[in-house]
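What follows is a single structure, written as structure tokens, with notes after it.
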Number of protein chains: 2
Amino acid sequence: MFSSVLLVACGNNNENSSSSSSGTQVISQTNSNYYQGVIKDGHYLTSKSRGVSVQQNDNQLNLKGFENGLLGISKQHFPTDDYILQEGQYINTDTVEDWLGRKSKNNPDGLNPAGKDTKEPLYLQQMDEQDFMTEDHNALKIKGMTIGLGLNSIYYYRKEAYGAVYQKKLNDSDIIKQGKDIANNILQRLRKNKQLKNIPIVFALYKQAPNDSLVGGNFFASSVNNGSSIKSSNWKSLNIKNYVLPAESTKGVNNNDEDSFENFKNQIQKFFPNLSGVTAQAHYVDNSLRGMHINITTQFYGQSEIISFTQYVENMAEKYLPNNIPIDIQVSSTEGMQSFLSRKTGDKNFYTHVFTSY
Amino acid sequence: MFSSVLLVACGNNNENSSSSSSGTQVISQTNSNYYQGVIKDGHYLTSKSRGVSVQQNDNQLNLKGFENGLLGISKQHFPTDDYILQEGQYINTDTVEDWLGRKSKNNPDGLNPAGKDTKEPLYLQQMDEQDFMTEDHNALKIKGMTIGLGLNSIYYYRKEAYGAVYQKKLNDSDIIKQGKDIANNILQRLRKNKQLKNIPIVFALYKQAPNDSLVGGNFFASSVNNGSSIKSSNWKSLNIKNYVLPAESTKGVNNNDEDSFENFKNQIQKFFPNLSGVTAQAHYVDNSLRGMHINITTQFYGQSEIISFTQYVENMAEKYLPNNIPIDIQVSSTEGMQSFLSRKTGDKNFYTHVFTSY
């Protein structure tokens, strides 16, 4: 894809990349579903606000789900074959930390409401910047940006340091309003940077899952702001929902999907004399099932058990689980992942792998 | 493959298997490299000595490596397309525990030398029975058996309960002699069972790795005993060795293989500003490299890092690692496995999978 001297795909030109430690390179794409990444001065170009998101999330599923979902939204606007993904280089750690704070005299840039922690909820919990680049005259040039904003659905707070944690459920209408206002604010700030003045900037709003959830939250709105617009508008609602199965409440989960999963689960739990735990994350877009991640946990006493169990899981998955959606299945024991199965959309059979050791 | 009423492949006839809870069924083979397993009365037919091997191994790599290696040896004598694997049903927990013990007045069947723990080393550390079945008149019938014997290379012992652990390195010639004598003893005992009187019984001797090893031990001899023979003979030496890379001592590891791994490792460790740990298990048969399992551990701060790193690992693996051998690569953080790559013998590209969450 690139032929310049500076921009070499690592897979194709390693004599170069291994000896030179300066300049910019891109990582060869090995799967059309992934973006190429950027290597600078010999290392991967990490985000300027690296690590802040990790600290901001008591539930790490809100971090993984947020980032994966944001990549999915970005791909719709900046296709993986046309753009290179650069981890956020325009908003650094200090800035993100200021923006995630409350607005106050000491922190005029805070994007959360002014006020006391015990009275006024914090809405903005995490943010992520993704830069989309193309090659231009032997250098990478920014051509688009996506900003994800993670908003609390529940505000967790303490009345005193180390005291009990209280929680307050936030209204959807308040979450939406706050999210859009914050996006507007950020858009105006970003447009002040000469390089970002005329590029499309996409905002995506994410409602964080509760801290005890076994699945992340969901994106509920996005807005594409073409070059020079300084007020985010054209908000589009996104109907994306993630559920855990077996479901505590069946609201939102299609009955057929739930039955399929229950049948699969019952078959799996029959396999061993000892019981297996079987849970799933179910991913819905516009009320239809678009993917499942299944976790199976059980105790194994040997490799033959793992191999037989994995083959059995594949048979049952092909028989009971919904077709035409991507499905990942992880089989774990207390010692970690023992095998895994994965089927892409459109495939009939699962890829299976049993982890072994010499 | 099976068409009888009792023996139904689970994948093909589940109305049957899910309603009936009696009779014997086989698990459909999903990969020609795996044996079909046995379901009995609705559950997987687990080994009669289930769990004993787990207790016997302070280093669980000696368990995984032993079982995987034994399956490999079994496949040479009982091909996966012709035989069904039944976990050991002839030697039960009590018997295995007696046999693994020392010979004494109270335990005349003990296969380890009589004597005091402080004077006389224990040789036999673990054993595994694999039964190979075919269908015969609507039932499974045993047609062959493999017995693996795990022998200590280092004898660990205490002089008093809860005291310091001492170790004594055992001589190869003693290990070989003990292993063959024990196999002979077991063969004579098994032949007393009418069902096992006339089947081929394969013995395989395994030298356990030290407790602190990052790779399991290795099989060093095998013997095929055709129907009715009651003295194991025709011992064949096996030249199978497993090493850890980077190697403490380069003895046994081919220089080119070591250089390939070193180059790969150096490229991986350049990727992040933070350092990655890169180790490998290298599997040699007749002094030539037959497979590698690579473990990469590093800290990730987000999904984009994991995706880019995984693509980079694939590029570097295809460039630097030896061709024409199976290679598995696991990429982990303190939170568990984040991605994995696998290439089969003969394949050019790696299968890659990044573990995600909704």
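Of all DSSP beta bridges confined to segment A:46-238, the antiparallel ones make up roughly 80%. Only one residue of A:Ala282, A:Asn152, A:Val331 has its Cα farthest out toward the positive end of the dipole of chain A, where Lys and Arg carry +1 and Asp and Glu -1 on Cβ, and that residue is A:Asn152. For segment A:46-238, the calculated P(r), taken from all Cα-Cα distances in 10 Å bins from zero up to the bin holding the longest distance, is 9, 36, 38, 14, 3, 0 percent.
Report the one residue of A:Thr30, B:Ser233, A:Asn57 whose Cα lies farthest in the direction of the positive end of the charge dipole of the protein assembly as shown (charges on C-beta: Lys and Arg +1, Asp and Glu -1; origin at the Cα centre). It is A:Asn57. Taking the DSSP beta bridges with both ends in segment A:114-205, the antiparallel portion is around 75 percent.
Subtracting the Cα-Cα distance of A:Asn266 and A:Asp174 from 0.36 nm times their residue separation leaves 29.0 nm of extension gain. The convex hull defined by the C-alpha atoms of segment B:233-294 has an orientation-averaged projected area of 5.0 nm². If a paramagnetic tag sat 7 Å from the Cα of A:Lys194 along the Cα-Cβ line, which residues of segment A:61-102 would have the backbone N under 17 Å from that point? Of the residues in segment A:61-102, A:90 have backbone N under 17 Å from the label point off A:Lys194. Measuring against 20 Å, Cα to Cα, the residue pairs A:Lys177/A:Lys236; A:Lys177/A:Lys207; A:Lys169/A:Lys231; B:Lys64/B:Lys251; B:Lys105/B:Lys197; A:Lys103/A:Lys236 contain A:Lys169/A:Lys231; B:Lys64/B:Lys251; B:Lys105/B:Lys197; A:Lys103/A:Lys236 as the ones spanning a longer distance. Take the Cα radius of gyration of segment A:130-262 and divide it by 2.2 N^0.38 Å, N being the number of residues; the result is 1.36. Using a 7 Å projection from Cα along Cα-to-Cβ, the label point at B:Thr345 is separated from the same position in the remaining copies by 3.7 nm, smallest value first.
As a rough guide to protection, the peptides A:60-68, B:37-45 ranked by mean Cβ packing within 10 Å, highest first, stand as A:60-68, B:37-45.
Which FRET efficiency, nearest 0.05, do B:Lys119 and A:Glu335 yield, Cβ-Cβ r, R0 30 Å? Between B:Lys119 and A:Glu335 the formula returns 0.25. The reciprocal of the average 1/r between distinct C-alpha atoms defines the Kirkwood hydrodynamic radius, which for chain A equals 22.8 Å. Normalised by residue count, segment A:243-354 yields a Cα convex hull volume of 92 Å³ per residue. On association of chains A and B, roughly 6800 Å² of accessible area becomes buried (total for both chains; probe 1.4 Å). Of all aspartates and glutamates in the structure, those lying under 12 Å Cα to Cα from B:Lys241, and not within fewer than 8 positions of it along the same chain, are B:Asp286.
Look at where the Cα atoms of segment B:94-135 and of segment B:139-171 average out, and the two centres are 8 Å apart.
In nanometers and ordered shortest first, the copy-to-copy spacing of the A:Lys116 label point, defined 7 Å from Cα toward Cβ, is 7.6. Computed from the alpha carbon positions, the gyration tensor of the protein assembly as shown leads to an equivalent ellipsoid with semi-axes of 53, 30, 24 Å, biggest first. Modelled this way, with points 7 Å down the Cα-to-C-beta line, the labels at A:Ala164 and B:Tyr156 are 4.8 nm from one another. A straight chain from A:Ser229 to A:Asn92 at 0.36 nm per residue would run longer than the Cα-Cα distance by 47.0 nm.
Label points for B:Lys169 are taken 7 Å from Cα along Cα→Cβ. From this copy to the others they lie 6.8 nm apart, shortest first. I'd like the FRET efficiency for B:Asp109 and A:Asp212, computed as 1/(1 + (r/R0)^6) with the beta carbon distance as r and R0 of 45 Å, rounded to 0.05. About 0.25, to the nearest 0.05.
Residue of chain A with the smallest Cβ distance to the axis mapping A onto B, distance rounded to whole Å: A:Met337, 3.
Ellipticity at 222 nm from helices only: DSSP H runs of n ≥ 4 in chain A, each -39500 (n - 2.57), divided by the residue count, give -8000 deg cm²/dmol.
The values are calculated or read from the model by the stated rules, or taken from the named source; none is laboratory data. Here the structure is a predicted model, which means the values were calculated and not measured. Note that each Cβ is placed from the backbone with ideal geometry, even for glycine, and that neighbours are counted across all protein chains shown. These area figures cover heavy atoms from the full protein model, side chains too; ligands, DNA and RNA do not enter into them. Shrake-Rupley method; radii C 1.70, N 1.55, O 1.52, S 1.80 Å.
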